[in-house]
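Data block below; observations after.
Only the coordinates and a few stated rules stand behind these numbers; no lab work does. Note that the structure is a prediction, hence the values are computed from the model and not measured. For neighbour counting, all protein chains shown are included, and Cβ atoms are generated from backbone atoms with ideal geometry for every residue, glycine included.
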Amino acid sequence: MYAATISTLQLIEFSQSSDLVWLISAIIHLLPLGFIAKLFLTHSPRTGSKLNFITIGMIGLTIATTLVMQKSPENYPMLFVYALITFAGWLFYLKWYSVLPKRSENILAVGNTMPELTFEDSEKSPISTLGFLGNKTLYMFYRGNWCPLCTAQIKEMAAQYRELDELGVKTVLISPQPHSHSVNIAKRFDVPFLFLTDPKGKAAKSLGLYHKNGTPFGMEVLGYSSDTALPTLIITDEQGKIIFLDQTENYRVRPEPETFLKVLKNL
């Protein structure tokens with residue numbers, strides 16, 4: 001909101017004065033805003049972890065703004081401050097918001113047996129992991145419908161559903177979000193996956209996947225809890241043994257479908 005407001009005001013100033021400093025400064029503020037918009041519009045489930053191209057671009061534009069400002073610094077007392085605030089916010093996004101917390105008391109590991117867990121279907125009926133024994137099972141814990149990379153990852157997996165079905169894989173998608181939201185996303189993709197709910201994140205807690213205050217501020221008005229689950233992908237064999245595990249440390253980095261399909265084909 002800050003970046004959008006500042007860049008809009010600066011573009012207005014540029015349109016009225018044609019002074020290059022306003023345009024350069026507006027671009028600085030639009031860079032991170034454009035990246036966030038891209039997450040929602042391109043439906044890609046992953047990005048690079050560092051995003052150096054945007055960071056370098058912001059540094060270069062900040063320097064350019066500084067050089068232009070030197071011609072008449074008295075007219076632009078706050079521009080450099082605005083640029084610094086935006087750059088600091090971008091670093092905050094990269095170094096804090098994007099990085100997921102360490103998984104405490106995590107009992108998940110390749111070779112371990114998936115513990116017995118209970119989820120709920122759309123009718124709030126209990127669904128136990130014991131019911132998946134005898135099948136290769138792909139479990140995906142996702143944060144919620146509000147997360148653009150989670151929904152993009154689900155879309156990517158949905159595109160592979162025929163291949164997963166041919167491999168005899170049960171695909172189970174789990175989120176602590178309200179049942180109604182899980183129903184909505186199931187209808188959206190209309191594939192033979194199980195979209196289950198983890199009430200109050202009980203299963204996520206037992207696996208060390210609980211992310212306290214992991215939901216963006218304000219999502220509570222849409223029915224989401226302030227807490228969520230850490231994005232995690234688990235594959236078990238017919239006996240319930242974990243044969244593949246992806247526990248990303250950055251919410252923008254997700255495994256490629258080829259990675260887990262190769263594992264499943266080798267079972």
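Here the range 80-178 carries DSSP beta bridges of which approximately 35% are antiparallel, counting only pairs with both residues inside.
Among the GluC sites (Glu not before Pro) found in the range 113-214, those both in a DSSP coil and sparsely packed, with 16 or fewer other Cβ atoms within 10 Å of their Cβ, are E116, E123. You can think of it this way: the chain between Y93 and R188 has 31.2 nm of extra reach, that is 0.36 nm per residue less the Cα-Cα gap. Relative to the dominant Cα principal axis of the chain, helix 2-17 is inclined by about 30°. Given the choices (i) 0.99; (ii) 1.22; (iii) 1.05, Cα Rg over 2.2 N^0.38 Å derived from the coordinates of this structure is entry (ii).
Based on DSSP H segments of at least four residues, each scored -39500 (n - 2.57), the chain has a per-residue ellipticity at 222 nm of -13500 deg cm²/dmol. Annotation note: chymotrypsin sites (Phe, Trp or Tyr not before Pro) in the range 177-267 located in DSSP loop regions with a Cβ neighbour count of at most 13 within 10 Å are F217.
Straight-line reach from K212: taking Cα to Cα under 19 Å and skipping same-chain neighbours fewer than 8 places apart, the aspartates and glutamates in range are E105, D198, E220, D227, E249. Between the residues Q239, T62, L267, the greatest Cα displacement towards the positive end of the dipole of the chain, with unit charges on the Cβ of Lys, Arg, Asp and Glu, is found for T62.
Extension gain, N52 to E156: 0.36 nm times the residue separation minus the Cα-Cα distance gives 34.9 nm. For the chain, take the longest principal axis of its alpha carbons; what is the angle in degrees between that and the long axis of helix 179-189, to the nearest 10 within 0 to 90? Approximately 80 degrees, to the nearest ten. Full extension of the chain segment joining S206 with M78 gains 41.1 nm, where the gain is 0.36 nm per residue of separation less the Cα-Cα distance. Net charge dipole, the chain: roughly 280 debye, given to the nearest 20, about the Cα centre with Cβ charges of +1 for Lys and Arg and -1 for Asp and Glu. Which longest uninterrupted range of the chain lacks any trypsin sites (Lys or Arg not before Pro) assigned by DSSP to a loop state (not H, G, I, E or B) and surrounded by at most 14 other Cβ atoms within 10 Å? Counting at most 14 other Cβ atoms within 10 Å as exposed, the longest clean stretch of the chain is 125-211. The long axis of helix 52-69 is offset from the longest Cα principal axis of the chain by roughly 10 degrees.
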